[in-house]
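The values are calculated or read from the model by the stated rules, or taken from the named source; none is laboratory data. Only a predicted model underlies this, so the values are computations on that prediction, with no experimental measurement involved. Heads up, the Cβs are rebuilt from the backbone with ideal geometry, glycines too, and the neighbour counts pull from every protein chain shown. In case anyone asks, the SASA skips ligands and DNA or RNA and just uses the protein heavy atoms, side chains included. Shrake-Rupley method; radii C 1.70, N 1.55, O 1.52, S 1.80 Å.
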Amino acid sequence: MSEKLKIKLSIADRVYPLTIPMEQEEGLRKATKKIEVMIKQFEQSYAVRDKQDVLAMCALQFASQATQKNIDDDTDTKEAQSRLQKLVTLLDESVS
């Protein structure tokens, strides 16, 4: 059983206290930094009045990146399967 850790993360000028497994701390802190960087970029690039709008844009960007990665991974997997099937066919033909 992993040990629990109490941390506080600050996102968009709000503090979020969390109790997490120790092994998640680094990932959560890095994600928080990415969100903060993205917030600053959106605020500098667009006339945004509300933090909620900025956070929604951040959420959309992260979700689209994750979705695109899944699409790319699926494509890579299908290509690998196709190549493996061709190799199996070649091996079957050479053995016959």
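Here are a few things to note about the model shown:
- Selection from segment 51-60 of residues that are within 15 Å of the chain's Cα centre (by Cα) and exposed (fewer than 14 other Cβ atoms within 10 Å of the Cβ): ALA59, LEU60
- Segment 27-47, subset among the hydroxyl-bearing types (Ser, Thr, Tyr) and assigned to a helix (DSSP H, G or I), residue surrounded by the fewest Cβ atoms within 10 Å (Cβ to Cβ): SER45
- Some residue of segment 2-10 being open to solvent by 100 Å² or more (accessible area, probe 1.4 Å), among the basic types (Lys, Arg) and either in contact with a helix residue (DSSP H, G or I) (Cβ under 8 Å, 6 or more places away or on another chain) or on the phi > 0 side of the Ramachandran plot (or both): yes
- Residues that are farther than 14 Å from ASP13 by Cα and among the aliphatic types (A, V, I, L, M), drawn from segment 24-47: LEU28, ALA31, ALA47
Residues are listed down the side, and each one gets a yes or a no for (1) of a type in the set (Asp, Glu); (2) over 30 Å from SER10 (Cβ atoms); (3) open to solvent by 100 Å² or more (accessible area, probe 1.4 Å):
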site: ARG49; (1), (2), (3): no, no, yes
site: GLN65; (1), (2), (3): no, no, no
site: ASP73; (1), (2), (3): yes, yes, no
site: SER82; (1), (2), (3): no, yes, no
site: LYS86; (1), (2), (3): no, yes, yes
site: SER94; (1), (2), (3): no, yes, no
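- Among (1) surrounded by 14 or more Cβ atoms within 10 Å (Cβ to Cβ); (2) more than 19 Å from LYS4 (Cα to Cα); (3) hydrophobic (A, V, I, L, M, F, W, C), the one test that ILE20 misses: (2)
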